[in-house]
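Data first, discussion second: the structure below is written as structure tokens.
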Amino acid sequence: MEFLHPYLFWAMIVPFVLFAVLVSTNKEHLSRIFDEKVLERLSAGDESMPQRLRNIILFAAIFFMIVAMARPVVDEGEKSVEVQGLTVLTALDISGSMRSKDVYPNRLEFAKKKMMEFFDDMPSDEVGVAAFAYSSFILAPFTSDKATLKMLVKGVDDSYISMGSTDFSALGELAANVLKEKKPKILVLFTDGGDEEAIAGFSDILKANNIDLYVVLVGTKKGAPVLDENGKPLVLKNGTIAITQRNDALGLLAKENGGAYVIAGNGKDDMKKLADLIHAKYKMQSQGKVHIRQRTEYFYYPLAFGLLLLLIGLSSFPRFGNTGMRTEVHKGGVS
């Protein structure tokens, strides 16, 4: 057996011993003035438990609590656990069209929601997050900490949106660089799509680097006005309002590059189906071994015993046995 926090034991046991010695050897203030027999006669009553025994019980209770704070454990050695999962790069579209409100509350917030649902369905996998529009950048490196990923994705707001045209080739180069050492190479986009001209070079980069593409498409085919940073519709040179529609060409490109696409809906089944499809296609890859030291905790035993002693030490018990009969004589009778 060993202590996880032995420094706590030694830091507290020394002052505890000094305190116990001082209490045990220091008489009460009245005992310094009165004789012990006189003090006993002046007492209102006598204790059901001797004071010395009570002190011993309280000191023992404190001692066992100190032992519990030091956390006694039995070390059972190290155990190697192999962590398995896939490595997936996700990318969030932050182009100007993502302000459109044909899905609630807008395409950007809806895509973020679907991305976080996807994280929940990839519990043991390492996921990285990128953002893309006119330029692309890494928002979060690969990690299995989905809570941190969600926090970072939630932080992407309207201020991230770029009104420039989306450069899919830049996204492809970023994905190729980030996934260079990964097998398989999986890229999942959360976007409202892109036209065939914009994604032509993107397709070549994906094929050259053996990247499998999966796409989650947000928005509607009917479309909605493109909004500026002030929330006002953009007006074209001919005086008409700019309308953006979901473009499924990127989804068809995903199917040509060994992947698939889904049109995001309001439920959670679409992200679960996508995650199940990815897991079914690829065998789980080893992410390495994690060494876990197994210990059995025993702190609750001294803690429970200490609390029991503390309860006994602070309790009063009736004195049992023959206490005798007190007789007082008064005028007029005996009471």
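The values are calculated or read from the model by the stated rules, or taken from the named source; none is laboratory data. Remember, it's a predicted structure, so these values are computed and weren't measured experimentally. Using ideal geometry, Cβ is built from the backbone for each residue, glycine included, and neighbour counts are taken over all protein chains shown.
K207 meets the conditions (1) surrounded by 15 or more Cβ atoms within 10 Å (Cβ to Cβ); (2) touching a residue at least 40 places away in the same chain (Cβ under 8 Å); (3) not acidic (D, E) in every case but one. The failed one is (1). When the residues of segment 280-303 are filtered to those that are at pLDDT 70 or above and surrounded by fewer than 13 Cβ atoms within 10 Å (Cβ to Cβ), the one that is nearest to V67 (Cα to Cα) is Y300. Quick one: is I199 in the same structural domain as A249 (by TED's automatic domain parsing), surrounded by 20 or more Cβ atoms within 10 Å (Cβ to Cβ), in contact (Cβ under 8 Å) with a residue 60 or more places away in the chain and under 22 Å from L217 (Cβ atoms)? No; evaluated as a whole, the condition is false for this residue.
With respect to D276, determine if the residue is closer than 29 Å to G201 by Cβ and modelled with pLDDT of 90 or more. Considered against the rule, which asks whether it is closer than 29 Å to G201 by Cβ and modelled with pLDDT of 90 or more, D276 comes out as no.
Any residue at all in segment 222-233 that's without any contact (Cβ under 8 Å) to a residue 40 or more places away in the chain, in the same structural domain as L277 (by TED's automatic domain parsing), surrounded by 16 or more Cβ atoms within 10 Å (Cβ to Cβ) and under 36 Å from the mean Cα position of the chain (by Cα)? No, segment 222-233 contains no residue that is without any contact (Cβ under 8 Å) to a residue 40 or more places away in the chain, in the same structural domain as L277 (by TED's automatic domain parsing), surrounded by 16 or more Cβ atoms within 10 Å (Cβ to Cβ) and under 36 Å from the mean Cα position of the chain (by Cα).
In this structure, E181 qualifies as over 26 Å from E109 (Cα atoms) and modelled with pLDDT under 95. In the set (1) closer than 24 Å to D125 by Cα; (2) modelled with pLDDT under 90, G239 fails one condition alone, (1). The set of residues in segment 84-128 being surrounded by 23 or more Cβ atoms within 10 Å (Cβ to Cβ), β-branched (V, I, T) and in a strand (DSSP E or B) consists of V88, T90, V127.
Would you confirm whether or not segment 139-149 contains a residue that is touching a residue at least 12 places away in the same chain (Cβ under 8 Å) and within 23 Å of S100 (Cβ to Cβ)? Within segment 139-149, one or more residues are touching a residue at least 12 places away in the same chain (Cβ under 8 Å) and within 23 Å of S100 (Cβ to Cβ).
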